[in-house]
Amino acid sequence: METDSFMTCVEMPDQSTLEVVYYCKDDKLKADEKAKFSQLFIQLHDCISIMKIEKSIIDDPCEMERIVHNKVIHERGHLC
């Protein structure tokens with residue numbers, strides 16, 4: 001399952017704002033994982049972070065943004 005690209009702004013603890021693009025694809029997953037999981041690609045500048053998530057999460061835009069925001073904040077804006 002491939003989704004469109006989405007953009008969100010993440011407010012960092014130091015009050016700066018980062019623009020982040022994210023989308024899902026599952027073409028690199030094993031065949032037995034494709035039914036239940038997808039890969040979430042989070043792109044910040046030239047860096048991309050990939051996370052495996054359950055497909056049911058993709059249909060919840062609030063949950064997707066929460067995951068993206070938490071990942072970017074946790075990594076302090078450095079996904080590479």
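We did not get these values from a lab; they are worked out from the coordinates using the rules stated. Keep in mind it's a predicted model, so treat the numbers as computed, not measured. Heads up, the Cβs are rebuilt from the backbone with ideal geometry, glycines too, and the neighbour counts pull from every protein chain shown.
Restriction of the GluC sites (Glu not before Pro) in region 2-80 to DSSP coil positions whose beta-carbon has at most 11 other beta-carbons within 10 angstrom yields Glu2. For region 73-78, putting each phi into the Karplus relation 6.51 cos²θ - 1.76 cosθ + 1.60 with θ = phi - 60° gives couplings of 5, 4, 7, 6, x, 10 Hz, in residue order, rounded to whole numbers and with x for Gly and Pro.
Couplings 3J(HN,Hα) of region 62-69, computed from phi: 5, 5, 4, 5, 4, 4, 4, 4 Hz, in residue order, whole Hz [Karplus 6.51 cos²θ - 1.76 cosθ + 1.60, θ = phi - 60°; x for Gly and Pro]. Proximity of backbone amide H atoms, modeled 1.01 Å from N, is registered between Asp26 and Gln39 at under 5 Å, excluding neighbours fewer than 5 places apart on the same chain.
Take every Cα pair under 8 Å whose residues are at least 6 apart in sequence, average their separation, divide by the length of the chain, and the relative contact order is 25 percent.
May I ask you to work out the translational diffusion coefficient for region 6-74 at 25 °C, viscosity 0.890 mPa s, via Stokes-Einstein with Rh from the Kirkwood sum over Cα pairs, reported in whole µm²/s?
Roughly 195 µm²/s, to the nearest whole number.
Evaluating 6.51 cos²θ - 1.76 cosθ + 1.60 at θ = phi - 60° for every residue in region 36-42, the Karplus couplings come out as 10, 10, 9, 9, 9, 9, 10 Hz, glycine and proline recorded as x. Which value at 222 nm does the chain reach when only helices count, each DSSP H run of 4 or more adding -39,500 (n - 2.57), with the total divided by all residues and rounded to the nearest 500 deg cm²/dmol? Computed ellipticity for the chain at 222 nm equals -6500 deg cm²/dmol. Just to confirm a number: summing +1 for Lys and Arg and -1 for Asp and Glu over residues other than Lys55 whose beta-carbon lies under 13 angstrom from that of Lys55, what do you get? Result for the neighbourhood of Lys55: -3. If you take all other residues with their beta carbon under 14 Å from the beta carbon of Arg76, and give Lys and Arg +1 and Asp and Glu -1, the sum is -2. Applying both filters, DSSP loop and at most 16 other Cβ atoms within 10 Å, to the trypsin sites (Lys or Arg not before Pro) of the chain gives Lys28, Lys30, Lys34, Lys36, Arg76.
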